[in-house]
Amino acid sequence: MQRGCAPVAVAPQALPLRLPSHVKAVLPHRSIGFIRAMRRRPDSRSLGACRASSSTASEALEVAQPLQPDAFMQERMDFLREDLKHLFDEQGIDKSAYEDRVKFRDPLTKYDTVWGYTFNIQFLRRIFGPDFILHDLRQSGKYEITSRWTMSMKLTFNQISPLRKWWDPELVFTGVSIMGLNPETGKFKYHIDYWDAIKNQEYLSFEAVKHLFGQLTTLAQAPRGLEQPDYTIMRKFADCEVRRYDPFLVAETDADAATNDSKGSGGGGDGRKSAFRTLARYIFGEGNDRREKLGMSTPVFTSETGRMQFVVGKADKAVESLPKPLEEGVDLVQKPGGYFAAVTFSGMADEERAQQEAARLRAALPKHNLKPRSGQYIVARYNDPGTKPIFRRNDVLIELEDFKLW
């Protein structure tokens, strides 16, 4: 989330008319046009009378060499780190830190007063109950701070609605916020949001509306109440997302049958030696030395080479605490987590569909400067075979070699 414009830190004449290609690659085209417009019309007062906001937005999105904060800016950054923890809770943000005429813009919302700014926050809180994660802050201009964040939310009324059984969408947005300060008052004067998933950041652009409704209309969902690996969506693009997985434990074995039968949630055929049935015996107690029944979990992971994995715990458990498998070929492994690119799709996750989605994901990686570690993909199937295809959630994941937040 982002904020409006501070006093001019860079004169319009200092803005380059020809932007470097690596800046244009990450800067929304609306911002590039705004920079050029400021060059042509130095007296323009658009976007909150802040001529420098678009230039510093490009700096914030490029962030090759962030500025070293002075005492004033460091104090403001420390304040934001604490204040944004309360963005959507009962306490709320400190309104006294914002100018009365603070300008807020994002692709779906715009306000020009602190009342409108806080009204929007409370509206989101009551209707969607957002979970806001602040990843990092940097000084991106003389009186400007850029933050990178993830916001996920669900419709609050739907959590007690009978519709939830079939429709319970999660909306996820990632992006940067450009927040400008008035050095005379020390208050924030503007907040401008840019989403990673769209190029046209203009208010109510078709891309923005499409991105919102595309998430609202999805029916695929993971079953509730089952243990899953924890992950955070670091970047959400239109064609894929980047997740940071926490470590977790799996029971795994090689698939000695097709990775997915025609009924397909991850079951590997009907034979007793199939990977799915072997792992099922382990978690149901028949296949472990304690005859201990472990909790159900999701998803079932299957690698491109046919290695199948059931999630059996999170990082707070040690592998040694789990019952030992009785069958040969079943291994208990702690997965280290890490960064993965992912696409989600509904329907049947058979081998042909998984390969199609993997090809789509591989094609998306270079667009976002993402490098695969090996290029091999993993399929995650979340639902049991009795779930209708339209409600099934499936992922294809590719581990990344490296990921840079900025």
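I need the GluC sites (Glu not before Pro) found in the stretch 121-216, filtered to DSSP loop residues with at most 12 other beta carbons within 10 Å of theirs.
Answer by residue number: GLU184.
Looking only at the stretch 274-299, which residues have a backbone nitrogen under 17 Å from a spot 7 Å from the Cα of GLU351 in the C-beta direction? Correct set: 274-276. Across the stretch 391-406, coupling constants 3J(HN,Hα) worked out from phi with the 6.51/-1.76/1.60 Karplus curve, θ = phi - 60°, read 9, 7, 10, 9, 10, 10, 10, 10, 5, 9, 5, 7, 9, 10, 5, 9 Hz, and Gly and Pro carry x. For the pair ASP89 and LYS404, label points projected 7 Å from Cα toward Cβ lie 3.4 nm apart.
Which values of log₁₀ I(q)/I(0), to two decimal places, follow from the Debye formula for the stretch 119-161 at q = 0.25, 0.29 Å⁻¹ with a uniform point scatterer at every Cα? Results for the stretch 119-161 at q = 0.25, 0.29 Å⁻¹ read -0.86, -0.94.
Nearest 0.05, what FRET efficiency do ARG126 and ALA280 give at R0 = 45 Å with Cβ-Cβ as r?
Details: r = 43 Å, r/R0 = 0.95.
According to the calculation, E is roughly 0.55.
Scanning residues 5 or more positions from ASP106 or on other chains, those with amide H under 5 Å from its amide H are ASP193, with H placed 1.01 Å from N in the peptide plane. Inter-label distance, SER96 to PHE79: 1.0 nm, where each label sits 7 Å from its Cα along the C-beta direction. The order of LEU181, LEU219, LEU294 by accessible area, most exposed first and with a 1.4 Å probe, is LEU219, LEU294, LEU181.
Per-residue Karplus couplings for the stretch 78-85, computed as 6.51 cos²θ - 1.76 cosθ + 1.60 with θ equal to phi - 60°, are listed in order as 4, 4, 4, 4, 7, 5, 6, 5 Hz, Gly and Pro entered as x. Residues whose amide H falls under 5 Å from that of LYS335, counting only those 5 or more places apart or on a different chain, are PHE248, LEU249, VAL250, with hydrogens built in the peptide plane.
By a 1.4 Å probe calculation restricted to protein chains, ASP196 has an accessible surface near 30 Å², given to the nearest 10. 3J(HN,Hα) along the stretch 99-104: 5, 4, 9, 5, 9, 10 Hz, from the Karplus curve 6.51 cos²θ - 1.76 cosθ + 1.60 with θ = phi - 60°, whole Hz, x for Gly and Pro. When ILE378, ILE198 are compared by accessible surface with a 1.4 Å probe, the order from highest to lowest is ILE378, ILE198. Convex hull volume of the C-alpha atoms in the stretch 296-336, normalised per residue: 95 Å³.
Once backbone amide H atoms are built at 1.01 Å from N, LEU400 has TYR339, PHE340, ALA341, ARG373 as its partners under 5 Å, excluding neighbours fewer than 5 places away on the same chain. Extents of the stretch 265-397, largest first, come to 49, 32, 23 Å (Cα atoms, principal axes, whole angstrom).
The values are calculated or read from the model by the stated rules, or taken from the named source; none is laboratory data. Since the structure is predicted, the reported quantities are computational estimates derived from the model, not experimental observations. Every residue, glycine as well, gets a Cβ built from its backbone with ideal geometry; the counts of neighbours run over all protein chains shown. Ligands, DNA and RNA are stripped out before the accessible areas are found, and what is left, the full protein with its side chains, is counted by its heavy atoms. Shrake-Rupley method; radii C 1.70, N 1.55, O 1.52, S 1.80 Å.
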